[in-house]
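Q: Below are the structure tokens for one structure; questions will follow.
The values are calculated or read from the model by the stated rules, or taken from the named source; none is laboratory data. A quick note: this is a predicted structure, and the numbers were derived from the prediction, not measured. Here Cβ is always computed from backbone atoms with ideal geometry, including for glycine, and neighbour counts include all displayed protein chains.
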Amino acid sequence: MAKPRQARWTIFAIALIAASATSAARAETGVRDAMFSRVSFDQWRAEGKSSPFHWSVDLVEPQLSSFQRIVAGIHVAVDGPELVHHHAQIFIQFEDSEGGVWQTHGALGGQPDYTRYVFILPGEYSVSVAMFDPATLKHGFIQKKLHVAPLKFEPLPGAWDGLPRVKFLAENVEAPESWYLPSVVGRLHIPITTQRRVCVDVLVNTTPSDKAADSGGELRRNLNILLPTAKVLSQLELTNGTVNLALLDLAHHRDVPVSSWSGMRAFLSRTNPDVIDIHALDDRSKMRSFFLDRVTQRAAGEAARVVIVLSGPAFLRDQEPVADFKVPADAEHRVFYIRCRLIPRSLLMPRPSPRPGARPQPPRFRFYQLPLDDLQRPLDNSEAMLFDVITPEQMRRVLASVIGQISRL
């Protein structure tokens, strides 16, 4: 029986084995933006830095995102009302060490700053940013170097094969689109070969804790990591099997299979934890029973079945007692429960030394440990594997462990 401690050792071993894997294959040489032909960008670049007005460009530090792709960004800030009022145009170009060029443009749009994010592969890049005032025809130009380091440990070698080196994300994306990024159609490369035909069911619990002081805020925080992870799992490439995705609303006893963004968006538009109808109040004590019933249904059957549950912390009030959960005692059924919470990296970094010369304090991971919640507890004495994830790097190792288990079916 695999417990959380055993699971941690498994994913750590996988990470060490994969540490020397090769980098992702190159997929393209660049993307040009036709708007660049309307200005003298190449001439500006040849002339070098130019700052006729007060502005600055900062690079957002690259880091692994919940979409399991490295995200970086460009932040432009201006200190000049005329630039804001004139809707100054911004031109951004990435060039890699092999001469590939990726371009995009935007505008201040009446705001004093502008940020654009990109999915990016490890490597060395030259980032050129130009500001153009269409009213005065003045321009500014700044160039910076960007180093995107590979992951220290790569438990999913080859996952970025075939992806573009630079992919600009759409501007001003807000929830719920920001939780799934439906406009980003590139797929991770995660092939899984099994001996048997395997059905993988991914269940996303969209119900926040009953005990949350701000249930709406907690729902948004949960979905900000759950839906990107669900998108990653939906891209598993089973050579012999299927991957199905369903969203669970425990408060209303809803179990909704989704196969497209439109279906997911329709579900999310009807999910409001702050509004519970009178009939749903009668069923709130049965949320845990409903959840276990959904998992049991999918875990049963003669074929090889895998159930992956994604959930935020689920501390529920006054739930009716439930029987112990049982996974079929054979080698063809697996249940994984992954509890997801994102803790800001700044809070997880080693604390500064209390005095000069003293050793830095260790990271504060233990401070963020939570007890088993009301959905995990019935699974604890079963063959289900339980994981608690607080960073995208941890999630990557967990996904590698889950994929390794599936590949042995």
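Q: Which residues, counting only those in the stretch 109-142, are in contact with a Pro (Cβ under 7 Å, 6 or more places away or on another chain) and touching a residue at least 60 places away in the same chain (Cβ under 8 Å)?
A: In the first step, residues of the stretch 109-142 are kept if they are in contact with a Pro (Cβ under 7 Å, 6 or more places away or on another chain); the result is 120, 122, 138, 140.
Once the filter is applied, which keeps residues that are in contact with a Pro (Cβ under 7 Å, 6 or more places away or on another chain) and touching a residue at least 60 places away in the same chain (Cβ under 8 Å), the stretch 109-142 yields 122, 138, 140.
Q: Moving on. List pairs: first in the stretch 173-197 and under 12 Å from residue 231 (Cα atoms), second part of a loop (DSSP other than H, G, I, E, B) and basic (Lys, Arg), Cβ under 8 Å, 6+ apart or cross-chain?
A: Every condition considered, the pairs that remain are 188/69.
Q: Hey, could you check the stretch 104-155 for residues that are assigned by TED's automatic domain parsing to the domain that holds residue 79, within 29 Å of residue 186 (Cβ to Cβ) and acidic (Asp, Glu) and say which is modelled with the lowest pLDDT?
A: 113
Q: Give just the number: which of (1) exposed (fewer than 15 other Cβ atoms within 10 Å of the Cβ); (2) within 26 Å of the chain's Cα centre (by Cα); (3) of a type in the set (A, V, I, L, M, F, W, C) does residue 34 not satisfy?
A: All conditions are met except number (2).
Q: Separate question: Of everything in the stretch 60-83, what is crowded, with 16+ Cβ neighbours inside 10 Å and more than 20 Å from the chain's Cα centre (by Cα)? Give them in sequence order.
A: Matches in the stretch 60-83: 76, 78, 80, 83.
Rundown of residues vs (1) out of contact with any strand residue (DSSP E or B) (no Cβ under 7 Å at 6 or more places or on another chain); (2) of a type outside the set (Asp, Glu); (3) over 29 Å from residue 263 (Cα atoms), yes/no style:
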site	(1), (2), (3)
136	yes, yes, yes
143	no, yes, yes
165	no, yes, yes
191	no, yes, no
197	no, yes, no
218	yes, no, no
221	yes, yes, no
229	no, yes, no
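Q: Considering only residues that are closer than 20 Å to residue 374 by Cβ and basic (Lys, Arg), look in the stretch 198-243 and name the one that is modelled with the lowest pLDDT.
A: The extreme case among them is 211.
Q: Another question, then. Which ones in the stretch 248-272 are farther than 12 Å from residue 176 by Cβ and either among the aliphatic types (A, V, I, L, M) or not assigned by TED's automatic domain parsing to the domain that holds residue 234 (or both)?
A: Selection gives 248, 250, 251, 256, 258.
Q: Follow-up question, since we're still on this one. Those residues that are of a type in the set (Gly, Ala, Ser) and either assigned to a loop (DSSP other than H, G, I, E, B) or farther than 15 Å from residue 406 by Cβ (or both), I need them from the stretch 281-337; list them, please. Write out each step before concluding.
A: Step one: filter the stretch 281-337 for residues of a type in the set (Gly, Ala, Ser), giving 285, 289, 299-301, 303-304, 311-312, 314, 323, 329, 331.
Correct list: 285, 289, 300, 301, 303, 311, 312, 314, 323, 329, 331.
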